[in-house]
Amino acid sequence: MGRLGGLILFGPPGSGKGTQAQLLVERLGCIHVAPGDILRAERAAGSPLGQSAAAFLDRGALVPDGLMIDLIAGRLAAAPDHGGFVLDGFPRTLAQAEALDRLLHRLGLGPVRAVLLDVPEPRLRDRLRERALAQGRDDDTPETITARIAVYVAETLPALAHYETLGAASRIDGTGPIEAVHQALMAALAAGGVAAAVDRGAER
Ligand code: ADP
């Protein structure tokens, strides 16, 4: 893992974090750390972590900070030497953001840049309804979607504010076509000084 740190994608459920992270991985070769994907895989495998997380996933509630912080610490510490990483779904609380600061410091990583994918709620609900039909994700029911949006506002916006206070956050319009959002994201990274990190990923 390089010393330049990476990108934290913020945005409500359905805002396109996973899609944009995947594009960055394909085009720039960054590492993608998506705790939601990890938790769903652990659950499918029936691991102890998956079993602990299942009840939270089903309610659209957050998995406890301690479990998530250990999970992310393991993934980042084990990541191969690299120029950039994308976090998609972590941190989701202020405590997770503060733990991430300490972790990045301890691992000699950083600085990070946060980018919010801004999408209004009616569009989110439309997209999540489509995703439920296409992918059959257990937690894309109307009730859990409502819960996850509420959790995002109450718990995750304070984590974003942490990076805004540090001057390390940007907001971009997440409603356009995938490619347009990608270009806006690249522009936000370049303006925020993260281009060097993602360029190094591209050299591999
Ligand atoms: P989305 O952003 O569409 O809600 P994710 O796949 O990122 O979907 O997350 C799905 C679920 O995984 C969340 O509702 C939550 O239960 C759990 N989860 C993911 N990331 C975290 C986290 N950082 N802290 C606590 N729980 C998390």
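Taking only C-alpha pairs under 8 Å that are 6+ residues apart, what is the relative contact order of the chain in percent? Mind dumping the intermediate values first?
Values: 311 pairs, mean separation 74.3, N = 204.
For the chain, the relative contact order is 36 percent.
With springs only between Cα atoms under 10 Å apart, run a GNM on the chain and tell me which of Val153, Val25, Val112 wobbles the most.
Most flexible of the set in this elastic network: Val153.
Quick check on the chain: helices-only [θ] at 222 nm, where DSSP H runs of length 4 and up contribute -39,500 (n - 2.57) each and the sum goes over total residues. Nearest 500, please.
Values: 10 runs with 121 residues, N = 204.
Helix-only estimate at 222 nm: -18500 deg cm²/dmol.
Using only Cα atoms, figure out Rg for the chain and give it as a multiple of 2.2 N^0.38 Å. Show your work: numbers first, answer last.
Values: Rg = 16.0 Å, N = 204, 2.2 N^0.38 = 16.6 Å.
Dividing the Cα radius of gyration by 2.2 N^0.38 Å gives 0.97.
Would you mind pulling out the separation of the Cα centroids of the range 151-180 and the range 58-102, in Å?
Taking the Cα centre of each part, the range 151-180 and the range 58-102 sit 16 Å apart.
So with the 1.4 Å probe, I'd like the accessible area per residue for the chain, rounded to whole Å².
Numbers: 9460 Å² over 204 residues.
Result: 46 Å² of accessible area for each residue.
The values are calculated or read from the model by the stated rules, or taken from the named source; none is laboratory data. Source: prediction; values computed, not measured. Calculation scope for accessible area: heavy atoms of the full protein, side chains included, ligands and nucleic acids excluded. Shrake-Rupley method; radii C 1.70, N 1.55, O 1.52, S 1.80 Å.
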